[in-house]
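Trainee: One structure, as structure tokens, below. Some questions next.
Every number in this text was worked out from the coordinates using simple rules, so none of it is lab data. The structure presented is a predicted model; accordingly, all values stated were derived computationally and were not measured. Cβ sites come from the backbone with ideal geometry, for glycine too, and all protein chains shown count toward neighbours.
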Amino acid sequence: MPRKKGSYTPSRRYRELAGKVDPVKSYSVDEAVTILKSGQKKTKFDESVDLAIKLDIDTKQADQLVRGSFSLPKGTGKTLRVICFGDGAIAEAARKAGAVEAGGEDLAKKVEGGWLEFDVAIAHPATMRYVGRLGKVLGPKGLMPSPKSGTVTTDVAKAVQEFKAGKIEFRNDTFGNIHVVVGKLSFSKEDLAANIKAMLDHIIALRPQAVKGNYFRKATLTSTMGPGLRIAV
């Protein structure tokens, strides 16, 4: 029988891996990593490993929002393209630290004109007078520098180095979900587990004081081409 237009048939590899997953079971981090890595050699690229966390927060309340930045102990497996808004010696320090582009108002105008070939934007506080107008460009893409995420700082060189080395930004969405990349499937089981546990501990430590009762609803781990596994937290 022919497949209906627009329908999706999972690959044999996905079905094999999904067959190892109990949809009602909550796995330990180590168990989940072992299952995901069992399908590692059957893809032609190095899959990312993603952690999705559902929080029981009211996202309409400013004092319940969860956002920030975190340096994964084993990195992300990806080198990020970092730019820095800074003038003179500040821009030069950012370039030496590894920024792919650095500058003041000239860089702001370039970005305002549509140039977005970067993953993270760092800004010195003195540049916010013209970086601030980039909110409509950078905000929807999650690239707007912010003190809470560690991307507005006087020590731009340190920030550039940290984000290039694997520091990640995160923030809850409208539904209270946080999605972060915690590594690559090629990582060792130990390194992947270390990143996942560290990220979970960090989110738990950020519990807003205004949240009463349950904070965590659930956490799910998945690879790019694999099924989701519920994590016991």
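Trainee: Once phi is turned into ³J(HN,Hα) by the Karplus curve 6.51 cos²θ - 1.76 cosθ + 1.60 with θ = phi - 60°, what whole-Hz value does each residue of segment 213-220 show in order, with x for glycine and proline?
Mentor: Couplings: x, 5, 10, 8, 8, 6, 9, 10 Hz.
Trainee: Right, another one. May I ask you to evaluate 6.51 cos²θ - 1.76 cosθ + 1.60, the Karplus curve with θ = phi - 60°, for each residue of segment 76-83 and list the ³J(HN,Hα) values in order in whole Hz, giving x for glycine and proline?
Mentor: 9, x, 9, 8, 7, 8, 10, 10
Trainee: What order, most packed first, do the peptides 149-160, 75-86 have when packing is the mean number of other Cβ atoms within 10 Å of each residue?
Mentor: Ranked from most to least packed, the peptides come out as 75-86, 149-160.
Trainee: Hey, which aspartates and glutamates would be in cross-link range of Lys37, C-alpha to C-alpha under 20 Å, not counting anything within fewer than 8 residues on its own chain?
Mentor: Hits, sequence-local ones excluded: Glu16, Asp22, Asp46, Glu47, Asp50, Glu190, Asp191.
Trainee: Here's something else I'd like to know. Residue by residue through segment 166-179, what is 3J(HN,Hα) from phi via Karplus (6.51 cos²θ - 1.76 cosθ + 1.60, θ = phi - 60°)? Round to whole Hz and write x for glycine and proline.
Mentor: With the stated coefficients, segment 166-179 comes to x, 5, 10, 9, 8, 7, 6, 8, 4, 9, x, 9, 10, 10 Hz.
Trainee: In a shell of Cβ-Cβ distance under 15 Å around Gln64, excluding Gln64 itself, what net charge do Lys and Arg (+1) and Asp and Glu (-1) give?
Mentor: After counting each charged neighbour, the total is +4.
Trainee: Between segment 158-198 and segment 43-101, what is the C-alpha centre distance in whole Å?
Mentor: Cα centres, segment 158-198 to segment 43-101: 8 Å.
Trainee: Given the pairs Lys96/Lys136; Lys110/Lys158; Lys74/Lys184, which span a C-alpha to C-alpha distance of over 21 angstrom in this model?
Mentor: Working: Lys96/Lys136 29 Å; Lys110/Lys158 24 Å; Lys74/Lys184 10 Å.
Violating the 21 Å limit, Cα to Cα: Lys96/Lys136; Lys110/Lys158.
Trainee: How tilted is helix 156-165 with respect to the longest principal axis of the chain? Cα atoms for both, answer in degrees (0 to 90, nearest 10).
Mentor: So the helix axis and the longest Cα principal axis differ by about 20 degrees.
Trainee: Okay, next question. For Lys136 paired with Lys212, estimate the spin-label separation in nm (one decimal), with each label point 7 Å from Cα along the Cα-to-Cβ line.
Mentor: 4.2
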